[in-house]
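The next block holds one structure in the form of structure tokens; read it before the comments.
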Amino acid sequence: MQKQSLFTNRQAILATMHKKEQVIAPIFKEELGMEVIIPADFNTDIFGTFSREIQRVGTQIEAARCKAEKALEITGGKIAIASEGSFIPHPHLPYISSNQEIVILIDKEQDLEIIGEEFSIETNHNHQVVQNLEEAFIFAKKVGFPEHGLIIMFNENPQDTHEVFKGINTEEKLIEAVDFTLKNSPTGKAHIETDMRAMYNPTRMKNIEKATRNLITKIKSSCPRCATPGFQIMGRIPGLPCAMCNSPTLLTKAVIYQCQRCGFKQEKSFPDGIEFADPGQCMYCNP
Ligand SMILES: [Zn+2]
Ligand SMILES: [Zn+2]
């Protein structure tokens, strides 16, 4: 159920040219009663591309903020939404790729910035060098082609390459791009990779949707003192007691919510719904 909020019936500009409105707009409409619109001719590639022709400047959050600010500048709007993804090896499992998505909301009228996030190992992010069409098709099948798009170029460095084929999502296009690249690249090989742009990557689109839902949860959480939206977890306190010996473990005992406007803090105990840690996590019971 929707209730009236600071955002009801307001308009947000979504800084995208990759069809992210498909997942973001319905959620904002349904949850906050907001209309999400796309600026005409908005080029987000100047902020960096996954295929490395243009390197991203700054952190993921800075890049998202930049896009949102640009959209506000161009349109004269008051609220902007932007998203930014990154693909990195999993912090604890280096052979597994992971996808970190953030969705930022900036409200100039209320001087607010709220960020939703999703960390997932659900990604097809991958690349390979192929020497013939058969290898290209084996790779394509593995990464969910043709629902997921592909990129083909001479080598992994798009600056060195004469032709970059992007958004390949049919067999005909794949055959054409691989044939051309094998014939014309100096090594006689082709670099093939997954196209990570949202409209060519339904797996990534799902993660953007989850980050958007996380953002909505944060927007709907308001400060008990001043009612500003974005009352969110800013810290964790370890020390959840062991179920066997009661010693503190490294697991989270409580989280601290903080208001970005008035600084009000509130502690919430047992955020994961458990009051004791599994003895397997205890350094005395399971050294
Ligand atoms: Zn407050
Ligand atoms: Zn113990």
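I'd like the orientation of helix 171-184 relative to the chain: the angle between its Cα long axis and the longest Cα principal axis, in ° from 0 to 90, rounded to 10. Once rounded, one gets 60 degrees.
Among beta bridges from DSSP that stay inside the chain, the antiparallel ones total about 90%. The angle between the Cα long axis of helix 60-75 and the main principal axis of the chain comes to about 80°, on a 0 to 90 degree scale. For the pair ILE61 and GLU134, a Förster radius of 51 Å applied to the C-beta separation gives a FRET efficiency near 0.75, rounded to the nearest 0.05.
Rounded to the nearest whole Å², what accessible area per residue is found for the stretch 127-195 with the 1.4 Å probe? Numbers along the way, then the final one.
Numbers: 3700 Å² over 69 residues.
I get 54 Å² per residue for this part.
Using Cβ point charges alone (K and R +1, D and E -1), the dipole size of the chain about the Cα centre works out to roughly 1000 debye. Modelled this way, with points 7 Å down the Cα-to-C-beta line, the labels at PHE276 and ASN246 are 1.1 nm from one another.
Relative contact order, whole percent, for the stretch 233-281 stands at 38, derived from Cα pairs under 8 Å and 6 or more residues apart. Placing a pseudo-label 7 Å from each Cα along the Cα-to-Cβ vector at THR170 and THR217 gives an inter-label distance of 4.1 nm. Taking 7 Å steps out from each Cα toward its Cβ at LYS78 and LYS189 produces label points 5.6 nm apart. Using C-alpha pairs under 8 Å with a sequence gap of at least 6, the mean separation divided by the residue count of the stretch 44-203 gives a relative contact order of 19 percent. Structure remark: mean-square fluctuation, Gaussian network model of the chain, C-alpha springs under 10 Å; the largest value among ASN124, ASN184, ASN214 belongs to ASN184. The calculated P(r) of the chain, using every Cα pair and 5 Å bins from 0, goes 1, 5, 10, 12, 14, 13, 12, 10, 8, 7, 5, 3, 1, 0 in percent. A 31 angstrom limit on the alpha carbon distance is what I want to check against. Which of LYS210/LYS265; LYS19/LYS268; LYS29/LYS173; LYS20/LYS141 exceed it? Flagged as over cut-off: LYS19/LYS268; LYS29/LYS173.
The values are calculated or read from the model by the stated rules, or taken from the named source; none is laboratory data. Please read all numbers here as calculations on a predicted model, not as lab measurements. Because the Cβ atoms are built from the backbone with ideal geometry, glycine has one as well, and the counts that use them run over all protein chains shown. Side chains are part of the model used for accessible areas, which takes the heavy atoms of the whole protein and leaves out ligands, DNA and RNA. Shrake-Rupley method; radii C 1.70, N 1.55, O 1.52, S 1.80 Å.
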